[in-house]
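What follows is calculated from the coordinates using simple rules that are stated; it is not laboratory data. Keep in mind that this is a model prediction, so the values were computed, not measured. Ideal geometry is used to build each Cβ from the backbone, glycine not excepted, and the neighbour counts take in all protein chains shown.
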Amino acid sequence: MLGLYRPAAVQAALTPAADRTTGVRQWEPTAAESKAVEVIRRNPSSLFEAMKWSPDPWQREYLGTTGQRTLLLCCRRAGKSVTSAARTLAHCLTHRDALAMVFPPTLRQSMEYVRHVRLFDRAAGQPVKVERSAGTILEWANGSRLMALPDRQQGVVGFTPTKIVIDEASRVSDVLYLSLRPMLALGRAELELLSTPFGKRGFFFDIVNTPARASRFRQWQVPAARCPRISREFLAEEMVELGERWYRQEYDLAFNDSVDSVFTASVIEAAMQRTAIGPLFDLGA
Ligand SMILES: Nc1ncnc2c1ncn2[C@@H]1O[C@H](COP(=O)(O)OP(=O)(O)OP(=O)(O)O)[C@@H](O)[C@H]1O
Ligand SMILES: [Mg+2]
């Protein structure tokens with residue numbers, strides 16, 4: 001059955017709860033709320049500690065970074081998504097009216113990302129009251145919101161986020177990235193890209209491999225050898241099961257040529273270079 005188009009309901013879904021009820025934001029933190037938020041502001045790793053996790057050195061550093069452009073190039077299972085989820089939560093709790101928009105490739109991954117945010121929030125004792133928690137949307141009493149959306153460029157225009165996260169960036173479409181970029185125009189939004197490599201293609205590969213573009217991001221690279229939760233024995237088994245090519249992609253941060261490409265990236269690149277060898281045929285004027 002077709003659902004009715006109800007602009008009022010859509011507007012309500014996009015308006016922070018505090019505004020819906022009063023029209024004016026009236027959130028004033030209690031002393032206890034202020035104190036709890038201050039702890040997270042000063043030490044975002046406390047969110048990990050609330051989960052009884054000890055952050056890896058790169059996780060601690062990443063959580064404490066407030067830069068505008070950050071990029072995580074990590075092996076599978078390194079903890080990219082959970083670290084980003086904790087950083088996004090810290091952003092939402094320590095700012096008023098923040099809007100964090102998260103774009104994993106699929107809806108299922110969006111739900112998983114928001115689940116991690118909820119888990120950190122609960123572990124930290126929900127320092128700011130949660131006003132709304134529905135599917136892939138979270139809203140807090142300080143007016144901050146989190147929206148996790150799947151990879152579709154429709155419906156992303158018109159928002160003014162304070163933070164954009166692209167999870168599994170090597171598997172997200174270029175057209176989504178291109179649609180999101182103008183949201184950075186007002187200079188208020190942080191951009192966070194996280195991924196394991198997935199072939200020599202797409203915007204994530206291009207950014208990592210173009211020094212002028214990469215230099216705009218603060219980068220962390222974490223191969224499996226630096227992840228204390230992945231054992232050497234398991235990696236040896238994976239080398240056998242996955243084969244060297246796939247293993248290097250998943251655990252050693254290697255961008256491989258796509259298996260379905262006719263020419264390797266280096267052959268295509270060489271074809272673009274001027275060389276001493278001219279064409280065999282006269283190509284005419
Ligand atoms: N510092 C830590 N201490 C304990 N457990 C951790 C830590 N960091 C991550 N983990 C565990 O690792 C699991 C995997 O984390 P996460 O899903 O973020 O990895 P990922 O790099 O996004 O993986 P994938 O490549 O599959 O997307 C988490 O569910 C969590 O249980
Ligand atoms: Mg992940």
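Annotation: lysines with alpha-carbon distance below 27 angstrom to K129 (same-chain offsets under eight excluded): K35, K52, K80, K163.
Using θ = phi - 60° in the Karplus curve 6.51 cos²θ - 1.76 cosθ + 1.60, the 3J(HN,Hα) couplings for the range 204-220 round to 5, 4, 4, 5, 4, 9, 10, x, 5, 7, 4, 5, 7, 10, 7, 10, 10 Hz; x is entered for Gly and Pro.
Counting charges near S133 (Lys, Arg +1; Asp, Glu -1) among other residues having Cβ under 12 Å from its Cβ returns a value of +3.
Using 0.36 nm per residue and subtracting the Cα-Cα separation, the extra length available between T210 and R188 on full extension is 5.5 nm. Shape class for the range 29-223, computed from the alpha carbon gyration tensor (a ≥ b ≥ c): prolate, with a/c not under 1.5 and a/b above b/c.
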